[in-house]
């Protein structure tokens, strides 16, 4: 398997996002409980902790269980989900909500879907999971994604080399080639038929320059040490683009293979 230096999937960043999501969701739910809006007889995380421990516990213990649970699933999402976007974040949230209804509520004595307490527990339990998905997506999308300088991770997208890319061009394969380097570099030289979308501008420009989210998109930058293409690929993934390839060697490998570059006139 090809290995590339992926940004945004480091353990510290994933755990930090998890803690952030846990704190934000806890704040909302504690406020709803304090003002008497929540239909839960007690905070669900506290009920779970008391079920495991077999005795009454103070609220901070429940909050610790909540933080551990939320952080775990955030880490799974950030570290291991091939596609990280609002759809996959909400899908994870929805799956966890169903588990809560079918497994967690009966475990703590509230019955299937909480019906032993009140049908209101169904929509009430949906709210924190909706917030979980939105906060997870938002923090993962907009927090800075720095590359991991000490460890390499398996390539999470389709990684290709110069020979493969050239064969795609000669075979007239339908794809869009995106140069993620600064515009000045693109104007000086770029791979044949490439368009320029600077990695820092992907979020804003991709919907305009790449309207078809099912099209094959190949991103590249200067070399294997360059992180711009990886950043662009992850942001495209977050935006919902389904088919992304990374030409990992970039312009350096292209030139070394004896292929020509173009200039913008």
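Annotation: residue 235 fulfils all but one of (1) closer than 17 Å to residue 160 by Cβ; (2) touching a helix residue (DSSP H, G or I) at 6+ places or on another chain (Cβ under 9 Å); (3) assigned to a helix (DSSP H, G or I); the unmet one is (1).
Give, as residue ranges, the helices (runs of 4 or more DSSP H) completely inside the stretch 45-144 that count at least 1 residues that are farther than 21 Å from residue 28 by Cβ. Talk me through it step by step, then tell me what you get.
Values: elements: 59-80, 86-99, 121-142.
Because the criterion is at least 1 residues that are farther than 21 Å from residue 28 by Cβ, the helices (runs of 4 or more DSSP H) in the stretch 45-144 that meet it are 59-80, 86-99.
Reported count of residues in the stretch 204-224, each being surrounded by fewer than 20 Cβ atoms within 10 Å (Cβ to Cβ) and without any contact (Cβ under 8 Å) to a residue 60 or more places away in the chain, is 14. In a residue-by-residue description of the stretch 207-218, the property of being under 20 Å from the mean Cα position of the chain (by Cα), on the phi < 0 side of the Ramachandran plot and in a helix (DSSP H, G or I) applies to at least one position. Contact map, the stretch 171-193: residues that are assigned by TED's automatic domain parsing to the domain that holds residue 209 and touching a residue at least 12 places away in the same chain (Cβ under 8 Å) paired with residues that are loosely packed, with under 12 Cβ neighbours inside 10 Å and in a loop (DSSP other than H, G, I, E, B), Cβ distance under 6 Å, separation 6+ or inter-chain. Pairs shown: 177/193; 187/264; 189/263. For the residues 165, 177, the requirement of being in a strand (DSSP E or B) and modelled with pLDDT of 95 or more singles out 177.
Tell me whether the stretch 228-235 contains one or more residues that are over 15 Å from residue 183 (Cβ atoms), outside the structural domain of residue 79 (by TED's automatic domain parsing) and surrounded by fewer than 21 Cβ atoms within 10 Å (Cβ to Cβ). Give the steps one after another, and end with the answer.
In the first step, residues of the stretch 228-235 are kept if they are over 15 Å from residue 183 (Cβ atoms); the result is 229-231, 233-235.
After this cut, where a residue has to be outside the structural domain of residue 79 (by TED's automatic domain parsing) as well, the list is 229-231, 233-235.
Adding the requirement that they be surrounded by fewer than 21 Cβ atoms within 10 Å (Cβ to Cβ) leaves none.
No; the residues of the stretch 228-235 include none that is over 15 Å from residue 183 (Cβ atoms), outside the structural domain of residue 79 (by TED's automatic domain parsing) and surrounded by fewer than 21 Cβ atoms within 10 Å (Cβ to Cβ).
Taken as a whole, the structure places residue 106 among residues that are in contact with a helix residue (DSSP H, G or I) (Cβ under 7 Å, 6 or more places away or on another chain), surrounded by fewer than 16 Cβ atoms within 10 Å (Cβ to Cβ) and at pLDDT 95 or above. Determine, yes or no, whether residue 133 is over 22 Å from residue 11 (Cβ atoms), at pLDDT 95 or above and touching a helix residue (DSSP H, G or I) at 6+ places or on another chain (Cβ under 8 Å). The answer is no for residue 133. Taking the listed residues 76, 70, the one that is closer than 24 Å to residue 109 by Cβ and in the same structural domain as residue 113 (by TED's automatic domain parsing) is 70, with no other qualifying.
Within the stretch 248-259, the set of residues being farther than 18 Å from residue 200 by Cα and either assigned to a helix (DSSP H, G or I) or in contact with a helix residue (DSSP H, G or I) (Cβ under 7 Å, 6 or more places away or on another chain) (or both) comprises 249, 251, 252, 253, 254, 255, 256, 257, 259.
The values are calculated or read from the model by the stated rules, or taken from the named source; none is laboratory data. Because the structure is predicted, anything quoted here is derived from the model rather than measured. We place every Cβ from the backbone using ideal geometry, glycine too, and count neighbours over all the protein chains shown.
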